[in-house]
Amino acid sequence: MSTDLQNRPAARPGTRARKPQGPWRSNIGLKIAMAVSGILLVLFLVAHMAGNLHVFEGRASMNEYAHGLRTFGEPLLPHESLLWVLRIGLIAAAAVHIWTAVVLTRRALAARPVRYASKKPAKGESRHAAATMRWGAAVVFLFIIWHLLDLTFRTVNPVKDVPDAYGAVVATFSPERWPVTVFYLLALLALFFHLRHGIWSAVQTIAGPNSKWRKRTQAIGLAVALIVVLGFAIVPLSVTFGLVK
């Protein structure tokens with residue numbers, strides 16, 4: 001009998017042996033699922049940001065772009081089929097991302113119910129990264145709800161005409177609706193911190209901590225976060241200050 005088996009404490013009477021977890025229920029499996037779902041969400045953000053920049057080409061170009069998304073594949077495919085595929089995919093990716101985050105957080109708290117007196121962050125990681133990720137995610141989630149009501153369903157947008165995407169963007173960020181612009185920018189700030197650390201963490205999870213990419217992941221996360229956030233921010237600022245009318 002090996003020394004490890006000899007020294008292993010006997011199970012308590014009345015307790016059941018814990019079943020081994022499958023690969024996708026283990027911590028590393030959950031981290032990989034979180035990383036992959038996060039990368040999918042980032043890719044959507046980049047595509048969405050690029051689409052928003054059509055507003056600088058004028059009303060006709062922006063509305064033509066939006067119309068193309070709604071009618072993609074017609075008549076072989078139903079109306080808005082591409083949009084619904086994207087919506088379902090985004091909901092699935094977001095659900096996986098949130099679920100894995102909650103499970104991993106609960107496991108971490110259960111494994112360490114008493115906080116360390118001093119914790120030195122890993123190289124490239126902010127000391128307040130965990131809190132920033134949680135609060136940033138909450139702000140971004142609230143903003144997504146508002147964004148859907150505003151520019152997708154037009155519930156709170158002055159422009160109810162769905163084909164007029166350009167008019168809806170200009171109306172929602174008009175100078176008299178400056179609180180909406182401020183909320184949008186605050187959400188982008190939260191998104192910046194979430195992306196910067198999230199991309200760094202995702203690459204660490206997938207590529208491994210000993211990869212040659214370790215020293216580059218922080219710069220990659222910062223660069224992607226800046227590009228995405230500045231690309232989104234330029235639209236409301238341009239409308240608010242009259243550069244886009």
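Brief remarks on what is shown
- Sole exception among (1) open to solvent by 30 Å² or more (accessible area, probe 1.4 Å); (2) assigned to a helix (DSSP H, G or I) for Lys160, by number: (2)
- Residue among Gly38, Gly68, Gly58, Gly73 that is of a type in the set (Gly, Ala, Ser), within 23 Å of Val140 (Cα to Cα) and open to solvent by less than 50 Å² (accessible area, probe 1.4 Å): Gly38
- Index of the failed condition, Ile227 passing every other in (1) open to solvent by 70 Å² or more (accessible area, probe 1.4 Å); (2) more than 16 Å from Val42 (Cβ to Cβ); (3) of a type in the set (Val, Ile, Thr): (2)
- Considering (1) open to solvent by 30 Å² or more (accessible area, probe 1.4 Å); (2) under 23 Å from Ala138 (Cα atoms); (3) assigned to a helix (DSSP H, G or I), the lone condition that Ala219 does not fulfil carries the number (2).
- Annotation: Phe232 fulfils all but one of (1) in a helix (DSSP H, G or I); (2) free of Cβ contacts under 8 Å to residues at least 12 places away in the same chain; the unmet one is (2).
- In segment 23-45, the residues that are more than 20 Å from Leu90 (Cα to Cα) reach residues that are open to solvent by 40 Å² or more (accessible area, probe 1.4 Å) and in a helix (DSSP H, G or I) with C-beta atoms within less than 7 angstrom, at least six apart or across chains, in these pairs: Asn27/Arg107.
- Residue in segment 30-38 that is charged (D, E, K, R) and either at pLDDT 95 or above or not in a helix (DSSP H, G or I) (or both) present: no
- Failed condition for Leu188, given (1) under 30 Å from Thr105 (Cα atoms); (2) open to solvent by 30 Å² or more (accessible area, probe 1.4 Å): (2)
- Test for Thr155: is it surrounded by fewer than 17 Cβ atoms within 10 Å (Cβ to Cβ) and among the polar types (S, T, N, Q): yes
- For segment 65-84, residues that are part of a helix (DSSP H, G or I) and either basic (Lys, Arg) or under 23 Å from Val169 (Cβ atoms) (or both) total 9.
- Neighbours by Cβ (under 8 Å, 6+ apart or cross-chain): first from segment 58-87, more than 29 Å from Val244 (Cβ to Cβ); second polar (S, T, N, Q) and surrounded by 13 or more Cβ atoms within 10 Å (Cβ to Cβ): Gly73/Ser81
- The lone criterion from (1) free of Cβ contacts under 8 Å to residues at least 24 places away in the same chain; (2) under 27 Å from Arg70 (Cβ atoms) left unmet by Phe143 is number (1).
The values are calculated or read from the model by the stated rules, or taken from the named source; none is laboratory data. Here the structure is a predicted model, which means the values were calculated and not measured. Note that we place each Cβ from the backbone using ideal geometry, even for glycine, and neighbour counts take in every protein chain shown. Calculation scope for accessible area: heavy atoms of the full protein, side chains included, ligands and nucleic acids excluded. Shrake-Rupley method; radii C 1.70, N 1.55, O 1.52, S 1.80 Å.
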